[in-house]
Amino acid sequence: MLSLPPLSLYVHMPWCVRKCPYCDFNSHEHRGGPPPFAAYVDALLADLDHDLPLVWGRTVHSVFFGGGTPSLFPAEAIDRFLQGAAARLRFAPGCEITLETNPGTAEHGRFEDYRKAGVNRISFGIQTFDDEVLKRLGRIHDSGQADAAVKLAQDAGLDNLNLDLMYALPGQTLAMAEHDLQRAFALSPAHISHYQLTLEPNTVFAARPPQGLPDEDAAWDIQERGQALLADAGYAQYEISAYARPGRQCAHNLNYWRFGDYLGIGAGAHGKISLPRSDEAELGSPHASDRILRRWKLKHPAAYLAQAGTPAAIGGDEVIPAAQLPFEFMLNQLRLREAFPLDRFEARTGLSRAAIVAPLAEAEARGWLRIDGARVSPTDAGQRFANDAISLFLPTDDA
Ligand SMILES: C[S@@+](CC[C@H](N)C(=O)[O-])C[C@H]1O[C@@H](n2cnc3c(N)ncnc32)[C@H](O)[C@@H]1O
Ligand code: SF4
């Protein structure tokens, strides 16, 4: 039976000082003055009001301000949004509240104000500490600003910090990638995300790939060496690109990967909400069966600003077809290294475990999953061939 999983809140902030040539996120340069911060917070709150009926009575376990560059927003704007959100929704005690920060936008005093507004986790887009490579990536910051920004946050009493690093960068050697990790360790963050640079369609890098990209073997060497260095430094890998000190995994992302629920507020934001069959079903309510709804918002900031809070701001609503749910669940859960109980599959999809007996057996036979009673864990091979393992759960013609 479908039951209600933990609920998170994602808030998208769509502006950046400059668009990076590798980035395919919904991020836009704002020309002709600063972005309309106050109007955007009004729009976010109107958007939240409009989505509230989907989550009446539920508690929010994490909030994530992502971008774009949320750190462009002054602390008063973040404060006003969080106060408005807390007036509309119940926040769990200790609710994790993350704000993505570009080190090129960090200012003295700002972190203290973010912390006072309720932010308790900062995720820095460091990418690399190599100044030449930072330039080639089109970043607005240098390595000195990266170090300084992290220290400012620590001085402001924020100790739950993530550093985003990318590897397999143009001109990067194994030694350079190792050096990046050493520089990150020196700052002692709670969490490190180590992403392989990908050439995403419709980006400047996809149209004109930079010179000197490491080949597949070199990228694999960097990844393996990175995993070893991170483990030695006390960062346990818990997802494809995520490493954390004990107890410091990102609660917000973990909820996505465990197929939890989230409201998506802001330009282009995506949400996923479980709507179990209501008891009124017997009384003839339209909600006669379990549904999982995906909802997304208009992508372009100007259109979103003009429509937020009205049905016209909804880019789309889609009920995930039941036949698609095993794949959707595994696509998320199998990013994680943890074992998971089959009970979770049943609770999060509303399907019986019988629906995945055949692909589970196939994945076990291929050595990709281990099944121990009612618990399933990915093997090392399963992690290496995660895409193949996940594709076993795609709907078949007779599903
Ligand atoms: C939405 S950005 C947020 C941080 C902030 N906007 C910044 O860049 O400083 C999230 C992270 O995704 C990673 N990322 C973005 N594009 C990527 C790509 N094409 N390949 C790999 N990682 C990427 C970067 O590490 C980036 O920090
Ligand atoms: S600052 Fe971050 S979100 Fe903005 S363009 Fe660069 S990578 Fe993308």
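Throughout, read-outs are computed from the coordinates displayed, never taken from laboratory work. All values reported here derive from a predicted model rather than from experimental measurement. Glycine gets a Cβ as well: all are built from the backbone with ideal geometry, and neighbour counts include every protein chain shown.
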Using modelled amide H (1.01 Å from N, peptide plane; none on Pro or chain starts), what sits under 5 Å from the amide H of Val319, excluding residues fewer than 5 places away? Arg294
Pairwise FRET efficiency - Asp232 versus Glu29, Cβ, R0 = 45 Å, nearest 0.05: 0.65
Which order results if Tyr40, Tyr235 are arranged by neighbouring Cβ count within 10 Å, fewest first? Tyr40, Tyr235
Using θ = phi - 60° and Karplus 6.51 cos²θ - 1.76 cosθ + 1.60, couplings along the range 265-277 (whole Hz; Gly, Pro as x): 10, x, 4, x, 6, 10, x, 9, 10, 7, 10, x, 3
What is the calculated FRET efficiency for Asp147 to Asp380, with r their C-beta to C-beta distance and R₀ = 25 Å, to the nearest 0.05? 0.10
Along the charge dipole of the range 7-254, Cβ charges K/R +1 and D/E -1, which of Phe37, Asn26, Thr101 sits furthest on the positive end? Phe37
Counting only residues 5 or more places away or on other chains, whose amide H sits under 5 Å from the amide H of Ile97 once H atoms are built in the peptide plane? Val63, Asn120, Arg121
Between Gly32, Gly144, Gly68, where does the largest GNM mean-square fluctuation fall for the chain, given springs only between Cα atoms within less than 10 Å? Gly32
Ranked Val319, Val11, criterion: other C-beta atoms within 10 Å, fewest first: Val319, Val11
Using all Cα-Cα distances in the range 322-399, what percent lands in each 5 angstrom bin from 0 up to the longest? 3, 17, 31, 30, 15, 4, 0
Considering only the other residues whose Cβ falls under 14 Å of the Cβ of Val60, what net charge follows from Lys and Arg at +1 and Asp and Glu at -1? 0
Quick one: 3J(HN,Hα) in Hz for the range 306-316, Karplus 6.51/-1.76/1.60 with θ = phi - 60°, rounded, Gly and Pro as x. 6, 10, 3, x, 10, x, 5, 7, 7, x, x
How much FRET efficiency would the formula 1/(1 + (r/R0)^6) give for Arg337 and Arg208, where r is the Cβ-Cβ distance and R0 is 25 Å, rounded to 0.05? 0.10
Per-residue Cβ contact counts at 10 Å, fewest first, order Leu99, Leu213 as Leu213, Leu99
Apply the Karplus curve 6.51 cos²θ - 1.76 cosθ + 1.60, θ = phi - 60°, to the phi angles in the range 32-41 and return the couplings in whole Hz, x for Gly and Pro. x, x, x, x, x, 4, 5, 5, 5, 5
What number, rounded to the nearest 500 deg cm²/dmol, is the helix-based mean residue ellipticity at 222 nm of the chain, given -39500 (n - 2.57) per DSSP H run of at least four residues and division by all its residues? -10000 deg cm²/dmol
For the chain, would you read off the P(r) tail past 29 Å as a percentage of all alpha carbon pairs? 48 percent
Cβ charges +1 (Lys, Arg) and -1 (Asp, Glu), total dipole of the range 7-254, debye: 620 debye
What GluC sites (Glu not before Pro) in the range 97-202 are in a loop by DSSP, with at most 16 other Cβ atoms within 10 Å of the Cβ? Glu107
Could you sort 220-229, 183-192, 372-381 so that the peptide with the highest average Cβ count within 10 Å comes first and the rest follow in order? 183-192, 220-229, 372-381
Under the rule that a partner needs its Cβ under 4.7 Å from the first Cβ, which Cys of the chain have none? Cys16, Cys95, Cys250
The range 31-69 residues near the modelled Glu200 label - backbone nitrogen below 11 Å, point 7 Å along Cα→Cβ: 67-68
Positive-end residue, the range 196-275 charge dipole about Cα centroid, Cβ charges, pick of Thr203, Cys250, Tyr262: Tyr262
